[in-house]
Amino acid sequence: MNNYEAVLIFKTELADADRNALLDRFKGHIEENGEVVSVDDWGKRRLAYEIADLKEGYYYIVDFKSDPDHIKEFERRLRLSDFVLRYMVIRKED
């Protein structure tokens, strides 16, 4: 398994309970073939540039371990979500 880090930016229009449920759903996808090491909640922050007329997003940094084959499926699920503004998954050096 490799170490990865994902930056997830959610829309701020979500209620706290809905945002936490969405994060738990994505953590569940990771745990299907890996393990979540840590989740860092950065909270609401101003975006560097507007995305779809939105100026703020809710940031999470997720450190996890997973098989490389599982990353494409995880990114596909992030892409399909209407509440994810942006995401980036990178492999961390061991």
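Give the residues of region 13-28 that are under 14 Å from the mean Cα position of the chain (by Cα), closer than 15 Å to residue 57 by Cα and open to solvent by less than 60 Å² (accessible area, probe 1.4 Å), sorted by residue number.
Answer for region 13-28, where residues must be under 14 Å from the mean Cα position of the chain (by Cα), closer than 15 Å to residue 57 by Cα and open to solvent by less than 60 Å² (accessible area, probe 1.4 Å): 19, 22, 23.
Is it the case that some residue within region 34-52 is open to solvent by less than 80 Å² (accessible area, probe 1.4 Å) and part of a loop (DSSP other than H, G, I, E, B)?
Taking every residue of region 34-52 in turn, none turns out to be open to solvent by less than 80 Å² (accessible area, probe 1.4 Å) and part of a loop (DSSP other than H, G, I, E, B).
If residue 64 passes every condition in (1) more than 12 Å from the chain's Cα centre (by Cα); (2) surrounded by 11 or more Cβ atoms within 10 Å (Cβ to Cβ) but one, which one does it miss?
Result: residue 64 passes all but (1).
What are the residues in region 1-28 that are in a loop (DSSP other than H, G, I, E, B), among the aliphatic types (A, V, I, L, M) and touching a residue at least 40 places away in the same chain (Cβ under 8 Å), if any?
1, 14
Please work out if residue 31 is open to solvent by 60 Å² or more (accessible area, probe 1.4 Å), outside any strand (DSSP E or B), out of contact with any helix residue (DSSP H, G or I) (no Cβ under 8 Å at 6 or more places or on another chain) and among the acidic types (Asp, Glu).
yes
Please list, ordered by first then second residue, the pairs with beta carbon atoms under 7 Å, 6 or more apart or interchain, first in region 75-86 and modelled with pLDDT of 90 or more, second surrounded by 14 or more Cβ atoms within 10 Å (Cβ to Cβ) and part of a loop (DSSP other than H, G, I, E, B).
The qualifying pairs are 83/11; 83/14; 85/11.
Go through region 67-94 and give me each residue that's open to solvent by 60 Å² or more (accessible area, probe 1.4 Å) and of a type in the set (Val, Ile, Thr).
90
The values are calculated or read from the model by the stated rules, or taken from the named source; none is laboratory data. Note that this is a predicted model, so its numbers are computed, not measured. Please note: Cβ atoms are built from the backbone with ideal geometry, for glycine as well, and neighbour counts cover all protein chains shown. Quick note on the areas: whole protein, heavy atoms, side chains included, nothing else; ligands and nucleic acids left out. Shrake-Rupley method; radii C 1.70, N 1.55, O 1.52, S 1.80 Å.
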